[in-house]
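Chemist: Before I ask anything, here is the structure I am working with.
The values are calculated or read from the model by the stated rules, or taken from the named source; none is laboratory data. Please read all numbers here as calculations on a predicted model, not as lab measurements. Here the Cβ is made from the backbone with ideal geometry for all residues, glycine too, and neighbour counts use every protein chain on show. With ligands, DNA and RNA removed, areas are computed over all heavy atoms of the protein, side chains included. Shrake-Rupley method; radii C 1.70, N 1.55, O 1.52, S 1.80 Å.
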Amino acid sequence: MYDTILVPTDGSDPANRAVEHAMEIAEQFDATVHAMYVVDTDRYGEPALSSAEIVLQELQEDGRGLVADVVEQGDSHGVTVETRVCHGTPHEEIVTYADEIDADLVILGYQGHSHHLRGHMGSVADRVAHAAGRPVLTA
């Protein structure tokens, strides 16, 4: 039923729940998980040689660490994990990558770093759910 699962992460508790769900489902269906982190250039811009560039580099390194953590979780679950760290608008990059890998399922936290009201779906999750054209599970 599921061969390819995309799980974007931002390191938040909801994103970590999404990773756990992705591992459980991937283990059950022998699926490959694609862990993704998007450096949000809408929030920080895409500057050249400025202090914001240092922030973006730090975010990219943070993202690499987060997807590496997903790889470790995959190893402990016997799940193959592919990784991607990119720059862009998070919901657009997620939908584009889901199309690129022909994801059978996208699993993401319903309330990440961009949204702080308990019980409300974050803007990224909401936009992905409406634009993905494929099953989206929020955790």
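Chemist: Enter the angle in degrees (range 0 to 90, nearest 10) between the Cα long axis of helix 13-29 and the first principal axis of the Cα atoms of the chain, meaning the one along which they spread out most.
Modeler: It works out to around 30 degrees.
Chemist: Restricting to Cα pairs below 8 Å that are 6+ residues apart, what does the relative contact order work out to for the chain? Please round to a whole percent. Let's see the in-between values first.
Modeler: On the way: 264 pairs, mean separation 45.5, N = 139.
Taking the mean separation of contacting Cα pairs over the length of the chain, I get 33 percent.
Chemist: For the chain, set up a GNM with springs between Cα atoms under 10 Å and report which of His77, His21, His91 has the largest fluctuation.
Modeler: Maximum among the listed residues: His77.
Chemist: On a 0 to 90 degree scale, rounded to 10, what angle separates helix 90-101 from the longest Cα axis of the chain?
Modeler: Compared with the principal axis, the helix lies near 40 degrees.
Chemist: Can you tell me the alpha carbon radius of gyration of the chain divided by the globular rule-of-thumb value 2.2 N^0.38 Å?
Modeler: Working: Rg = 14.4 Å, N = 139, 2.2 N^0.38 = 14.3 Å.
Normalised by 2.2 N^0.38 Å, the Cα Rg of the chain equals 1.00.
Chemist: With every protein chain kept in place and ligands, DNA and RNA left out, what is the accessible area per residue of the chain? Probe 1.4 Å, answer in Å².
Modeler: It amounts to 52 Å² per residue over the chain.
Chemist: Counting Lys +1, Arg +1, Asp -1, Glu -1, what net charge surrounds Asp102 among other residues with beta carbon under 12 Å of its beta carbon?
Modeler: -3
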